[in-house]
Each structure stands twice: as C-alpha cells, then as structure tokens.
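This report refers to the structure that appears directly beneath it.
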Amino acid sequence: MGVANKAWRLSLLSEKPNLALSNQSNGKHYQYNQNIYNDWRWWRSSATQQHRRKVPWSLVCGLMLFGLGLVSLFTGHVASDLEWYSQRLVKRSLFYSRLEGRRREAIDIWKSKYSNLFYGCSERGRNFPPAVRERASNGYLLIAASGGLNQQRTGITDAVVVARILNATLVVPELDHHSYWKDDSDFVNIFDVDWFISYLAKDVTIVKRVPDKVMRSMEKPPYTMRVPRKSPPEYYLDQVLPILLRRRAVQLTKFDYRLASNLDEELQKLRCRANYHALRFTKPIQEIGERLVKKMQKMAKRYIAIHLRFEPDMLAFSGCYFGGGEKERFELGEIRKRWATLPDLSPDGERERGKCPLTPHEVGLMLRALGFANDTYLYVASGEIYGGEETLRPLRELFPNFYTKEMLAIKELKSFFPFSSRMAAIDYIVCDESDVFVTNNNGNMAKILAGRRRYAGHKRTIRPNAKKLSALFKARDRMDWDTFAKKVKASQRGFMGEPDEVRPGRGDFHEYPSCICEKPFTDDENRKGEDLLSDRIHMNLKENVDSKYVGENQGDKSLQRLKKRSIEEPISFKREQGH
C-alpha cells in the first residue's frame, strides 16, 4: 500500500512412462513386448562395442526449427517472445561486456567522458498538487537544524519535504548555535531567505515566523520532539501528524538526516529543488566566493579543490593515529573527552578498515600517482589543520601551486572570520566550481558536494579508497614509483565519481541523488550501433531504482477528509512530554 493511501487512512499490504497403466496382460502381447525389450538390450550391448554413428547437426537444427515452427503456429506468441528475450539477453550481455571493458580502460582524471550524457532533473510533475495555503494547512512545523553548515543543510532540505508530507506550513529553520563551531549565524545570515520562500512557494508554504496571533491563541507552546534518524514518511504521518493537528505547532529538534533516503519520486525531486536551487547563499557570501573562483581560473585553466578535513576535532573523533607520538595521543585524547559515548577504538584496526582520513601528504601522493602533475593548481578548503604548516609542507612540496581562501582574499575575509559557517559557505562555492573535487573523509561537506556535482553532470569527484590505500602507503617504501602509481590507479577505480559507481536509488540520497536523468537519444543522432551502446552503458540502470513509493504523493489528499476521519476514529496520542 502506497504511503499516500496510508497517509490519508486517517481521513477516511521429466517423467518416466508408466507401463503398468496399459494393463495389457494377454500372453501374445506380453511376448511381443518382451521381444522388443530383448531386441533393445541386444542393440544397446552391441552399440557399446562399436562406434556410434553421429547424427548430423544440420538434422538436429532442422528438427528443432521444425518443432519451434509447430509450437509457434499453435501458440501464436512463442516465437515473438523468444525473439524478445534473445534480443534482451544480447543487449544485457553487450551492456555488461561494455561496462567491464570501460572499467579496464584509462580514466580521464579531469573529467568523465560520460558526464555530458546526464543532467539534473527535478522539475515538478504535472500531477504534483500545489502547496496548501497557510490557513488551510495542518499547522506549523518548526525545525531546529543540527551541526555545522552542511549537516544543517541536510536538515533544511529534509524539513521542506517533511512539511509537504504533513501538509504543514514550514517556519524558516533555526540553525545550531551550540555545536562545536560555536557560530551564532542565523538562516538569514547565510541563505537568501526571500529566495528560499519564493522558489518553493508552489511546493510548500514557508513563513519566517509563527504569527503572533496564532501563538497567542495556543493553549500550550509548540510541542517539542526528536524523531529517529532516517525515519520514513509513515513515521511522520503516524507519530507527528496527530500531535500537529492537536497542538497546531510542532518543533523537531536535532534535525539532520531524519528522513529516509528512499521516497516517492516527486518528493525526491522536491528534495533536489530545495537543496540545489532554493538554498542560495546571501549576496555577500556569493560575491566573495565567485571572486575566489575567478582568481583560481585566471591563474590556471583548471584546478583541483581539496577538502582536507584534517582538523583536530575530526582526527580525535576518528580514533586514528597519525604518527605524532605521545603528544598527538594526549592532545587528541583530551578532545575525545567531549564525546562521552565514543567507544575505545584501535587506531591500527580503524586504518585497516579504511576509517581514517588520509594525511595531507598521503592525499598529495594519491593525486600524483593518479597522474596530476606538480604544476597543478590546488585550492585547499579546510579549517585549522592539526600540526599547522609542518603537516602541510609535504603537500606543498608535491604541489607548489597551493592556495587557500585566506591566501587569495585575506582583507575581504576579515568580516567573515568570526563565523565558521559563513567561511564554510565560501569554501563550498569554490569547491563546487572546481574541475576536480577531492574529499578526504565521508563527512557532511563531502557528501553534500559529491551529490551536487553528480546533479550538475557528474563533475569529477575523487573519494580516496582509504581501505586499499592504507596498505599501499604502508608499503610504498618497498616498491618503485611506477608500481605504486599503478596500484593506486587500480585501487581508485570506482572512487572517481563516474556515473555508474552507485546505481540510482542506492546509497544516501544526499550523496547519490536520484533526480538525475539521461539525455534523450536525439542528443546522440550521429552515434549508432555499438558506439552508441558503448557511450550509453548505463541506459538500463534507471530500471533498477530501489524506491518502493513510486507513483505516490504523500500529503496531498483532502484535508477535509482527514479531519473527518480523525473525528470518526480518534487517535491515541502518546503522553506529551518534552515541552
């Protein structure tokens, strides 16, 4: 049963021949059968002593074709079905052979040659109803986002979809002021709030604050609750909607990654519209970000952006060891005390499992081994690097053309220095516009930017295969450079941002958005036969989208029917708490 139907449930899952069956018992017939049996035994025994005569294959094929003709004559369908299946099998075999062949061919380190075959497709469907107006909505949804800029971005994006599911009016989300970064920036300081509201007006009604008149009319303040991570739409409909209808306002706290990855196709598109179009940075942030991009592009035809993510908090949280001796163990150990629930981890075990970020030196070695020359320009996005300049020196030696936002615009950045989220937004812009983006962990910025770059046509995004690379770095002194480079290239296959690395509908939505389409065949009119198939190797991947809600729209049934049902069948509310 689709989620939409469940949502509005409130408003109204080879035989042997049986010779005995003949039951022929007269003596003559029995003797006749016995003679035949004896003759057959004699022929079989003599056949074992002589070479058997081979039956011509032409005769076998002729008989098979004749039999097939008879069957198709009687059924009228078999031949066409066999033709369909044979063509499909041929296509699938060609598809996978091409796929395997492409995986063995050399990879262009700057750009996927298949990137021009894909584009972001998040347009609203014709049957997607318009947003309910504020007065007709089920109430006000308040969201308290959690974490740093990109973690909060996931919460804001999902809040839009949850408001749509609940037919609620969304209040502009509150940003986290108490996280590790201690940034007191509000939504309006980072994002263009008016653009956000107007762009999504057809999908969700958004207001800057709950009207005073409504607040005064409430008997109690907004009900506060925290939903589990990756909650499906059913959870919101079963657990949040009843309280929203009763209290008129609900606040969801610590709101990040609180919505499941697999949703209805139209809701996934709404997610993309919210993330990739509606969330636009404020004019001051956008201007300085674009200025830095132009400076990088003026110095070099193309550049790499690296998100090092080698800050002390990240290293402490990982539980890994990076060669800094007892000093490092003590300093990172003290930082780990901030998280009382962190388990004790084995640094060596975590590295072998691929859970440790690469050091800046290791990132540089990986890039050189992949084929990036030492005159390549790097833009390094990072906060405070653990170990400072000494940690960065090996990377600088491998790539002398090394730049950060502070090196490019120290004066213009002075007003942004006290605000880590605004500084992160500037890095976001420069990384998004880079020719190649390199992540160094599976953190929030890495996921969000990887997803955005896929949406923008699968721009080259490199994720280190840390599990395999850790063994290579450990043994790099025991092999020559050519061998090391060859092994690095082999290890990185499947981690270079190619379109076929993860099938649509799999993985975390924010990193692997499903609102990506292939360009129509008309774009490839001059490519025919095997060349066309080779260049469009994942033509059939769209068939494998793993979404169990396709074709349904949550939160779009009649509000009047919902209210009627809720009156006829009163909902059992859980005991209210968390005021």
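The values are calculated or read from the model by the stated rules, or taken from the named source; none is laboratory data. Just so it is clear, the structure is predicted and the values come from calculations on it, not from any experiment. Note: ideal-geometry Cβ built from the backbone for every residue, glycine included; neighbour counts use all protein chains shown. Ligands, DNA and RNA are excluded from the accessible area calculation, which covers all protein heavy atoms including side chains. Shrake-Rupley method; radii C 1.70, N 1.55, O 1.52, S 1.80 Å.
Does PRO504 fit the bill of being outside any helix (DSSP H, G or I), modelled with pLDDT of 95 or more and touching a strand residue (DSSP E or B) at 6+ places or on another chain (Cβ under 8 Å)? No, not satisfied.
Hey, any hits in the range 293-306 for a residue that's at pLDDT 90 or above, among the β-branched types (Val, Ile, Thr), out of contact with any Cys (no Cβ under 6 Å at 6 or more places or on another chain) and assigned to a loop (DSSP other than H, G, I, E, B)? Among the residues of the range 293-306, not one is at pLDDT 90 or above, among the β-branched types (Val, Ile, Thr), out of contact with any Cys (no Cβ under 6 Å at 6 or more places or on another chain) and assigned to a loop (DSSP other than H, G, I, E, B), which makes the answer no. Quick check on the range 395-415. Is at least one of its residues within 30 Å of THR282 (Cα to Cα), of a type outside the set (S, T, N, Q) and in contact with a strand residue (DSSP E or B) (Cβ under 6 Å, 6 or more places away or on another chain)? So far as the range 395-415 goes, yes, one or more of its residues are within 30 Å of THR282 (Cα to Cα), of a type outside the set (S, T, N, Q) and in contact with a strand residue (DSSP E or B) (Cβ under 6 Å, 6 or more places away or on another chain). Each residue in the range 112-155 was checked for being assigned to a helix (DSSP H, G or I) and surrounded by fewer than 24 Cβ atoms within 10 Å (Cβ to Cβ), and 8 pass. Just checking, does the range 436-443 include any residue being open to solvent by 30 Å² or more (accessible area, probe 1.4 Å) and not in a loop (DSSP other than H, G, I, E, B)? There is no residue in the range 436-443 that is open to solvent by 30 Å² or more (accessible area, probe 1.4 Å) and not in a loop (DSSP other than H, G, I, E, B). Within the range 208-223, residues that are surrounded by 12 or more Cβ atoms within 10 Å (Cβ to Cβ) sit with their Cβ atoms under 6 Å from residues that are in a helix (DSSP H, G or I) and among the charged types (D, E, K, R), at 6+ positions apart or across chains, in these pairs: TYR223/ARG247. VAL502 meets the conditions (1) over 24 Å from the mean Cα position of the chain (by Cα); (2) surrounded by fewer than 17 Cβ atoms within 10 Å (Cβ to Cβ) in every case but one. The failed one is (1).
Quick check: is even one residue across the range 150-158 closer than 18 Å to LEU263 by Cα, at pLDDT 95 or above and among the acidic types (Asp, Glu)? Checked against the condition, which is being closer than 18 Å to LEU263 by Cα, at pLDDT 95 or above and among the acidic types (Asp, Glu), the range 150-158 yields at least one hit. Of all residues in the range 193-221, those that are in contact with a Lys or Arg (Cβ under 7 Å, 6 or more places away or on another chain), within 21 Å of ILE156 (Cβ to Cβ) and either hydroxyl-bearing (Ser, Thr, Tyr) or at pLDDT below 95 (or both) total 1. Taking the conditions (1) open to solvent by less than 40 Å² (accessible area, probe 1.4 Å); (2) in a loop (DSSP other than H, G, I, E, B); (3) under 24 Å from LEU279 (Cβ atoms) in turn, PRO464 satisfies each one other than (3). Of all residues in the range 259-278, those that are open to solvent by 10 Å² or more (accessible area, probe 1.4 Å), out of contact with any Asp or Glu (no Cβ under 6 Å at 6 or more places or on another chain) and in a loop (DSSP other than H, G, I, E, B) total 2.
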